[in-house]
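Q: Below is a structure I'd like to ask you about.
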Amino acid sequence: MIRYLLLGLLGLVPLASAAQTHSVAMSTPVALSSPLRTYALRLRPGADLRQQLLAFTQQQGMRAGAVLTCVGSLTTTTLRLANREAPTVYQGHFEIVSLVGTLSTNGSHLHLSVADSTGRTIGGHLLDGNIVYTTAEIVVGELPEFDFKREPDATFGYQELVVYPLTSASKKKKAAQTKQK
């Protein structure tokens with residue numbers, strides 16, 4: 001089965017097989033498509049942004065999704081900053097200026113940017129502990145023709161996104177789960 005790596009929301013590129021050593025960046029883009037199902041969510045004060053998104057992903061049985069947009073505010077922001085292992089926690093009032101990433105029952109990867117009252121903006125990996133202040137208005141897109149998985153990448157050893165076309169058996173299982181709801 002050919003594997004695909006999602007590049008933002010712009011397109012897909014085939015991954016090199018384990019035996020190949022050439023760069024993914026040198027691969028020719030492949031145009032794949034999936035219908036898009038959208039969901040609108042509103043989180044209320046006190047909700048944990050990441051926990052609620054992951055719970056929604058599990059509840060929907062979402063194999064491949066992306067955060068399309070999010071605005072709102074937080075009283076606590078918890079991020080893993082670039083090239084750091086431990087979380088960094090910020091207290092105060094923050095505006096959500098960006099929430100992006102992939103969602104899947106097989107593993108999600110989300111980044112958050114927030115601005116404080118002076119306009120200073122910080123961002124990093126979204127962790128548990130991002131507490132909604134007034135609201136978080138979120139639009140999520142589901143790509144029902146794909147199956148997102150996190151697999152080790154030989155370059156750095158991190159669990160990275162691999163996009164698989166959803167198989168006929170997986171489509172039938174997903175349809176049966178949707179009917180039960």
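The values are calculated or read from the model by the stated rules, or taken from the named source; none is laboratory data. Computed from a predicted structure; not experimentally measured. Counting neighbours? That spans all protein chains shown, and the Cβs are built from the backbone with ideal geometry, glycine included. The area values use the complete protein model at the heavy-atom level, side chains included, leaving out ligands, DNA and RNA. Shrake-Rupley method; radii C 1.70, N 1.55, O 1.52, S 1.80 Å.
Q: Taking segment 108-128, which residues are under 28 Å from L36 (Cβ atoms), among the polar types (S, T, N, Q) and not in a strand (DSSP E or B)?
A: Across segment 108-128, the qualifying residue is only S108.
Q: Go through (1) touching a residue at least 60 places away in the same chain (Cβ under 8 Å); (2) out of contact with any helix residue (DSSP H, G or I) (no Cβ under 7 Å at 6 or more places or on another chain) one by one and return the number of the condition L126 breaks.
A: The number of the failed condition is (2).
Q: I would also like to ask the following. Which of the strands (runs of 3 or more DSSP E) contained wholly in segment 1-70 include at least 1 residues that are modelled with pLDDT of 55 or more?
A: Result: 37-43.
Q: Further question on the same structure: Filter segment 94-128 for residues that are within 14 Å of the chain's Cα centre (by Cα) and among the β-branched types (V, I, T); which is least open to solvent (accessible area, probe 1.4 Å)?
A: That would be T102.
Q: Just for segment 129-143: of the residues that are over 14 Å from the mean Cα position of the chain (by Cα) and outside any strand (DSSP E or B), which one is surrounded by the most Cβ atoms within 10 Å (Cβ to Cβ)?
A: Result: N130.
Q: From the list D153, D147, exactly one residue is open to solvent by less than 20 Å² (accessible area, probe 1.4 Å) and farther than 23 Å from P45 by Cβ. Which is it?
A: The conditions single out D147.
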